[in-house]
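Take a look at the structure below.
The values are calculated or read from the model by the stated rules, or taken from the named source; none is laboratory data. Just so it is clear, the structure is predicted and the values come from calculations on it, not from any experiment. Ideal geometry is used to build each Cβ from the backbone, glycine not excepted, and the neighbour counts take in all protein chains shown. For the accessible areas, the whole protein counts, side chains as well, though only heavy atoms, and no ligand, DNA or RNA atoms are used. Shrake-Rupley method; radii C 1.70, N 1.55, O 1.52, S 1.80 Å.
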Amino acid sequence: MEPDSQLKLYGLVADQLKEAHTRVRELQVPEGVRMALSRKLLVITAAAKHDLADAATRLERLMKDLDEGRFPEGD
């Protein structure tokens, strides 16, 4: 991946992660569900350090799940 396109992807993923964290924080769901979503976001954030394209794909999938009201089971 070219440095310019990778830098753009980093910016896009960072913006989407910020939006995802805000959406999760504002959800009216049980605390266990919120914690599970927060853990997913932490995993995606960590993955971005090693495989940006995979992190972007995971984040896109998570955002789609949020849009469609599909949430993980809480503890």
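Computed with every protein chain present, the accessible area of residue 33 is close to 20 Å² [probe 1.4 Å]. The charge dipole of the chain, taken about its Cα centre with unit charges on the Cβ of Lys, Arg, Asp and Glu (plus for the first two, minus for the last two), comes to roughly 160 debye. Please give the helix 3-26 orientation as an angle from the longest Cα principal axis of the chain, in degrees from 0 to 90, rounded to the nearest 10. Taking Cα atoms only, the helix is inclined about 10 degrees.
Sparse packing (at most 15 other Cβ atoms within 10 Å of the Cβ) combined with a DSSP loop state is found for the following GluC sites (Glu not before Pro) in the range 38-75: 68, 73. Measuring spread by the Cα atoms of the chain yields a radius of gyration and Dmax of 12.9, 42 Å.
Spatial offset of the range 36-61 relative to the range 4-28 amounts to 10 Å, using the alpha carbon center of each. Rolling a 1.4 Å probe over the protein heavy atoms gives the range 1-71 an accessible area of 69 Å² per residue. Excluding same-chain neighbours fewer than eight residues apart, the lysines reachable from residue 49 by a Cα-Cα span under 17 Å are 8, 18, 40.
Dividing the mean sequence gap of close Cα pairs (under 8 Å, 6+ apart) by how many residues the chain holds gives a relative contact order of 38 percent. Please identify which residues in the range 11-29 have an amide N closer than 19 Å to a label point set 7 Å out from the Cα of residue 46, following the Cα→Cβ vector. In the range 11-29, the label zone of residue 46 (backbone N under 19 Å from the point 7 Å along Cα→Cβ) covers 14, 17-18, 21. Counting heavy atoms of the protein chains alone, residue 4 has an accessible area of about 110 Å² for a 1.4 Å probe.
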